[in-house]
Amino acid sequence: MPTAPIHILPFAAIDGMRDFFQATGERLHTPHLQALLPLLQPVRWLRGAAAGEWAEGDDGLAAHERAWVQAALTDSPAAEEAANANANAESPPALAALLAAQHGHGVQAGDGWAQVTPCHVHIATDSITLVDPALSPLPPEQLEALRHSLQTLWAEDGLSLHPGPAGSWLAQAPWLRGLALPSIDRVARQDVRLYTPALAHTRLLQRAQAEAQMLLHDHPVNDARAAQGLLPINALWFSGAGHAPADAAHAVARLERLHTHAALRAPALQGDFYGWAQEWQALDARVLAELLRQVQSGQPCELILAGPQHAVALAPARSGWLARLA
């Protein structure tokens, strides 16, 4: 099993960045990245779909999320399955199943899993827009109170709800294994109606959502948020759905070597180009400087740079690949 650390940088490139730099005359100062790139070569390319796009066979993941899944399954029987997820849309390998294993929940091969994120959708006459949940996260006690209420509500649908990554839960039910749903990182600030093809043929999910909306309407958690002037939780976004790969539990050891640096996410999703450039330069001074030192000293490592549609995994050697990332 490979032991080299893998560093993933989501939103390393974003739509509109070239126009921004050309219009403002700003420059992205990343000296350590520029010194590092000639020392690396691409070892694999990964594709995710862009925000606002949905095609037949889409697994719902953003490019950096697919990179995370494939890196977790590297050198395993499920690796090829993850790499060919678009060709297996009826039951993609579930990112949520890997998260469940990472959080110590029992995961059996073939189980259906999904990540569930409480959020707010803004409904206008011509759009339904999902607000990034990270802008007003639920404190742990409110998150747990909602989970308990929903667990009781959804039990008859065969759906169990478990604690998950910050701001979300992990759902398990047999009927989740056949779903491919777009991730928050593709949908935030987007009109969710763009993704209606993904939500077709999801009768049980739609029923669960309808039941949850009634519960959320007058839930004490929303009363507390209203008192603080915060947007109410009026929706639950399911993502990362699919089946648990055969070796999901064994992937936990591989997950320990994956390091996701998410500082670029918030400014990227908010369209804040100045903030995005500042965070990139901070990452360069910290993360990329250390990676450069490791590569120069001959230590094994891997860097994954993810853009809006593509991601590239780089390991020590040559260059000439960068133009394909945009």
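The values are calculated or read from the model by the stated rules, or taken from the named source; none is laboratory data. Source: prediction; values computed, not measured. In this analysis, Cβ positions are derived from the backbone assuming ideal geometry, glycine residues included, and neighbour counts consider all displayed protein chains.
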Answer residue from segment 219-244, given it is closer than 25 Å to Arg207 by Cα and without any contact (Cβ under 8 Å) to a residue 24 or more places away in the chain and is surrounded by the fewest Cβ atoms within 10 Å (Cβ to Cβ) among those: Asp223
Flag if Pro118 is modelled with pLDDT of 95 or more, crowded, with 19+ Cβ neighbours inside 10 Å and either outside the structural domain of Phe238 (by TED's automatic domain parsing) or not hydrophobic (A, V, I, L, M, F, W, C) (or both): yes
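If I filter segment 44-60 for residues that are within 20 Å of Asp247 (Cα to Cα) and either at pLDDT 80 or above or crowded, with 17+ Cβ neighbours inside 10 Å (or both), do I get at least one hit?
Within segment 44-60, one or more residues are within 20 Å of Asp247 (Cα to Cα) and either at pLDDT 80 or above or crowded, with 17+ Cβ neighbours inside 10 Å (or both).
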Some residue of segment 308-322 being without any contact (Cβ under 8 Å) to a residue 40 or more places away in the chain, under 24 Å from Arg186 (Cβ atoms) and not assigned by TED's automatic domain parsing to the domain that holds Ser183: no
Residue within segment 22-34 that is within 25 Å of Gln102 (Cβ to Cβ) and at pLDDT 90 or above present: no
Some residue of segment 179-193 being free of Cβ contacts under 8 Å to residues at least 40 places away in the same chain and exposed (fewer than 13 other Cβ atoms within 10 Å of the Cβ): no
Extreme residue, nearest to Leu231 (Cα to Cα), among residues of segment 121-163 that are small (Gly, Ala, Ser) and either loosely packed, with under 15 Cβ neighbours inside 10 Å or more than 23 Å from the chain's Cα centre (by Cα) (or both): Ala124
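So, in segment 160-174, of the ones that are among the aliphatic types (A, V, I, L, M) and more than 14 Å from Leu236 (Cα to Cα), which residue ends up modelled with the lowest pLDDT?
Restricting attention to segment 160-174, the residues satisfying the condition of being among the aliphatic types (A, V, I, L, M) are 161, 166, 170-171, 173.
Still in the running and more than 14 Å from Leu236 (Cα to Cα): 166, 173.
Working: Ala166: 89, Ala173: 94.
Only one residue fits best here, namely Ala166.
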Verdict on Ser127 being of a type in the set (S, T, N, Q), touching an Asp or Glu at 6+ places or on another chain (Cβ under 7 Å) and over 15 Å from Ser239 (Cα atoms): yes
